[in-house]
1. Examine segment 174-193 for a residue that is outside any helix (DSSP H, G or I), surrounded by 14 or more Cβ atoms within 10 Å (Cβ to Cβ) and either in contact (Cβ under 8 Å) with a residue 60 or more places away in the chain or of a type in the set (A, V, I, L, M, F, W, C) (or both), and state whether such a residue exists.
2. Looking at (1) at pLDDT 95 or above; (2) within 17 Å of Ile240 (Cα to Cα), find the lone condition where Arg134 falls short.
3. Test each condition in (1) touching a Lys or Arg at 6+ places or on another chain (Cβ under 9 Å); (2) without any contact (Cβ under 8 Å) to a residue 24 or more places away in the chain; (3) among the acidic types (Asp, Glu) for Asp119 and report the one that comes out false.
4. Starting from segment 198-213, keep only residues that are touching a residue at least 60 places away in the same chain (Cβ under 8 Å), then list their pairs with residues that are open to solvent by 60 Å² or more (accessible area, probe 1.4 Å) and of a type outside the set (A, V, I, L, M, F, W, C) whose Cβ atoms are within a distance under 7 Å, requiring at least 6 positions of separation or different chains.
5. I'd like to check something: does segment 54-75 contain any residue that is part of a loop (DSSP other than H, G, I, E, B) and farther than 16 Å from Ala237 by Cα?
6. Given the options Arg134, Arg144, Arg220, Arg167, name the one that is farther than 23 Å from Ala63 by Cβ and not hydrophobic (A, V, I, L, M, F, W, C).
7. Looking only at segment 140-156, which residues are open to solvent by 40 Å² or more (accessible area, probe 1.4 Å) and under 14 Å from Ala209 (Cβ atoms)?
8. For the subset of segment 120-134 comprising residues that are in contact with a His (Cβ under 7 Å, 6 or more places away or on another chain) and not aliphatic (A, V, I, L, M), which member is surrounded by the most Cβ atoms within 10 Å (Cβ to Cβ)?
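The values are calculated or read from the model by the stated rules, or taken from the named source; none is laboratory data. In this text the structure is predicted, and so the values were computed from the model without any measurement. Neighbour counts run over all protein chains shown; Cβ positions are idealised from the backbone, glycine included. Ligands, DNA and RNA are excluded from the accessible area calculation, which covers all protein heavy atoms including side chains. Shrake-Rupley method; radii C 1.70, N 1.55, O 1.52, S 1.80 Å.
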Amino acid sequence: LLQGGSFGAGIEPDAAGSLTRDLAPLQAYSLVGTLMNMVAADVNQCFDFGGPAFTMDAACSSALVALHEAVLHLRAGLCDAAVVGGVYLILAPDNIVAFARIGALSPSDACRPFDRRADGFVIGEGVGAVVLKRLSDALSDGDRIHAVIRGVGMNNDGKAEGPMTPRKEGQMDALARAYADAGVSPLSVELIEAHGTATPVGDATEVAALGEFRGAPGTRPTFLTSSKANIGHSMSAADIA
């Protein structure tokens, strides 16, 4: 490049030096910092956790899939504590452009889940983590317990009109798995935190699945909510919220 040739006109060595003068030198985290599959391993090494460490990429459900795996590991006795996290940062405009072109982003710049004015979501950023233990261990350790996970369930919708088109049947199956694992009645739940992307197809499918799965109304009201109305859709970190 300095001498010119088939790749274009050459540049002077002094000019090349001015372009790279402020670049930080390569160090141990230069490569692994660009590999998304190294995130969990980096955290593990930083805090000297040991045990299983892996990164889940399941699109918008990544953090809940990670939580699902952590619950199974704890139940099986493969670990005694687990840190489950999710992170999404907008470092390049690619996703924003792509979602805008398929009509998923709100042109009014507002995320209104389950609202007749809903016209898509806004993209959010964030990072969060929770620490999980078996309830018996948390109690014996004197930990401050914020919540108890009674059950988990996971599946895929299978074949649909498109790779991002939800299916009511698939969502009902995931609900059935979670409630069966928890051993509770759907009508006993008073608050449901939904995916709620404020897209017409997504919201309608989710409400239809919940309504059909729950069946007859219970004796107490059930509230439906989505944190995306407040913080936007933080993609792979959405579920940790």
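1. Checked against the condition, which is being outside any helix (DSSP H, G or I), surrounded by 14 or more Cβ atoms within 10 Å (Cβ to Cβ) and either in contact (Cβ under 8 Å) with a residue 60 or more places away in the chain or of a type in the set (A, V, I, L, M, F, W, C) (or both), segment 174-193 yields at least one hit.
2. Condition not satisfied by Arg134: (2).
3. (2)
4. Ala198/Arg112
5. Filtering segment 54-75 for residues part of a loop (DSSP other than H, G, I, E, B) gives 54-58.
Next cut, farther than 16 Å from Ala237 by Cα only: none.
Scanning segment 54-75, I find no residue that is part of a loop (DSSP other than H, G, I, E, B) and farther than 16 Å from Ala237 by Cα, so the answer is no.
6. Answer to the check: Arg220.
7. Quick first cut of segment 140-156, residues open to solvent by 40 Å² or more (accessible area, probe 1.4 Å) only: 140-150, 154-156.
Asn155, the sole residue that qualifies.
8. Phe121
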